[in-house]
Amino acid sequence: AWVMRSFTPPIDAPKILVATPAGELHELGAMMAAVTAAEAGWRVQYLGPNIPAGDLAKAAVKIGADAVALSLVHPDHAPGAVSEIRELRRALAPAVAVIVGGAAAIESAEPLAGVGATIAPDARAFRAELESIRPVS
């Protein structure tokens, strides 16, 4: 949190919601994504681990998120996460990007892409994805 507070995005900065999906308790990757997004000039709302799709969708709508970033680390959680991300994608406007990173996301790239998520295999790819989807102000 203190690292993210060191970045002050402009008032019109794009907004991103960062968390881990339901069942995923490992949040270090999500924390790293939040800091990366803040450093890239995005307004970050960090929710933490184990957030159900319905709650993610409500929070994304409430803050007017341009993107949702999720970290998926544990391979045993991937099948459930794909289902959660499918539900999230259905609840969000098509313009809201869903970006998933982490070891289990890479292993589950095909099913995640099939439900409308973009895979960011590392921080550099995540930052590039943020730049490519940055709304024009």
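Normalising by the residue count of segment 83-137, find the relative contact order in percent from Cα pairs under 8 Å and 6+ residues apart.
It comes to 34 percent, rounded to a whole number.
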Taking Kirkwood radius over Cα pairs in Å as the quantity of interest, determine which of (1) 14.8; (2) 14.3; (3) 16.1 was computed from the displayed structure.
(2)
If you place +1 on the Cβ of every Lys and Arg and -1 on the Cβ of every Asp and Glu, how big does the dipole about the Cα centre of the chain come out, in debye to the nearest 20?
440
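Full extension from Ser6 to Ala128: what is 0.36 nm times the residue separation minus their Cα-Cα distance, to one decimal in nm?
41.8 nm
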Separation of segment 112-126 and segment 1-64 by C-alpha centroid, Å?
16
Accessible area in square angstrom per residue, the chain, 1.4 angstrom probe
51
Top positive-direction residue, dipole computed over the chain with Cβ charges, set Ala93, Leu130, Leu70
Ala93
Anisotropy class of segment 65-128 from Cα gyration tensor, a/c 1.5 cut
oblate
So what's the net charge close to Gly23: Lys and Arg +1, Asp and Glu -1, counting the other residues with Cβ under 9 Å from its Cβ?
-3
Amide H of Ile99 versus every other amide H placed in the peptide plane: which residues, excluding those fewer than 5 positions away on the same chain, fall under 5 Å?
Val68, Ala69, Leu70, Thr118
So, by mean Cβ neighbours within 10 angstrom, what's the order for 83-92, 106-115 with the highest one leading?
83-92, 106-115
Kindly write out, for segment 86-101 in residue order, the coupling ³J(HN,Hα) from the Karplus curve 6.51 cos²θ - 1.76 cosθ + 1.60 (θ = phi - 60°), rounded to whole Hz, with x marking Gly and Pro.
4, 4, 4, 4, 5, 7, 9, 5, x, 6, 7, 6, 10, 10, 10, x
What relative contact order, as a whole-number percentage, does the chain give when Cα pairs under 8 Å and 6 or more residues apart are counted?
25
Carbon and sulfur: what percent of the chain's accessible surface (1.4 Å probe)?
58
Rg and Dmax of segment 1-56, Cα atoms, in Å?
11.5, 34
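The values are calculated or read from the model by the stated rules, or taken from the named source; none is laboratory data. Values in this document were obtained by computation on a predicted structure and should not be read as measured data. Because the Cβ atoms are built from the backbone with ideal geometry, glycine has one as well, and the counts that use them run over all protein chains shown. The protein model used for the area step is the full one, side chains on, heavy atoms only, and it has no ligands, DNA or RNA in it. Shrake-Rupley method; radii C 1.70, N 1.55, O 1.52, S 1.80 Å.
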